[in-house]
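Report on the structure given below.
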Amino acid sequence: MAIVTVDFDGTLYKGDSFKIMFQIAKKEYTSKEWIPVAAGLGKAAISGILKGKNVFKKEFFKAFAKGFRGKTKQEMDTFFEKLVELGKTEVHTELIDRIKEHQSKGDTIILLSGALQPFLEAFVKEVDLRDVHIISTTLTYYPNGVCTGELGNIVNGEGKVTEVKRWMMWAKKEGRLSQEELNEMWAYADSETDIPLFRLADHPVVVNPKSAMKHVAIENAWPLF
């Protein structure tokens, strides 16, 4: 048995969740909701130019989350169900099959991604992936269950390594992982930001890589999927 981490954008999902979030928001957000989002997107664009793609993604998420302020859990679930419906044609079905193969061997599956947690929860339900742990970017809520419009920790790059190690320590303490599982780890992901995770894993597998990442995979003799 082993721990198997699976990335979302570009890996389990071939498309870009940022794009479909934007498409749905254009239809769903009111003009009032767009004001703080638009201001934040402008800031994200500038940050992206100055500091790179990863900083842009973080600022984009922060801006986008402001549009959720004041929404109930039911409203949030409806929004993300529409997101999944729009993007379900981009599911990497072969990787879904591979995940189920791992599960048949008793492996523990972790969906490890910077994508928003409610989106991933709706996604695994749609593709009928059961018993999957999700470590991802969270939204925060008031005690009455209404969204604050703010993000919790953004899971990306080195942060993925930190979060999966933290989860493993917790799972071991709670008796949810055997020593055998702790001794073997797989990582399915697609990009350069996942290199720290690949180096942590015993079995790194590069999925749908672009040319630069494909070159890195070949240099490190990491298998492609």
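The values are calculated or read from the model by the stated rules, or taken from the named source; none is laboratory data. What you see is a predicted model, and the numbers here were worked out from it, not measured in a lab. Cβ atoms come from the backbone with ideal geometry, glycine included; neighbour counts cover every protein chain shown.
Some points to look at:
- Selected residue (only one of Gly157, Gly152 is small (Gly, Ala, Ser) and on the phi > 0 side of the Ramachandran plot): Gly157
- Search result, residues across region 170-193 that are charged (D, E, K, R), under 20 Å from Lys160 (Cα atoms), touching a residue at least 60 places away in the same chain (Cβ under 8 Å) and not in a loop (DSSP other than H, G, I, E, B): Glu181
- Residue list for region 97-146, restricted to those being over 23 Å from Leu182 (Cα atoms) and among the polar types (S, T, N, Q): Gln117, Thr137, Thr138, Thr140, Asn144
- Residues in region 206-224 that are under 13 Å from Leu95 (Cβ atoms) and either more than 22 Å from the chain's Cα centre (by Cα) or modelled with pLDDT under 95 (or both): Asn208 alone.
- Any hit, region 124-136, residues being closer than 14 Å to Leu111 by Cα and at pLDDT below 90: no
- Helices (runs of 4 or more DSSP H) completely within region 1-91 that count 3 or more residues being in contact with a Gly (Cβ under 9 Å, 6 or more places away or on another chain) and at pLDDT below 75: 31-51, 53-65
- When region 139-153 is limited to residues that are within 14 Å of the chain's Cα centre (by Cα) and surrounded by fewer than 17 Cβ atoms within 10 Å (Cβ to Cβ), the one that is modelled with the highest pLDDT turns out to be Gly152.
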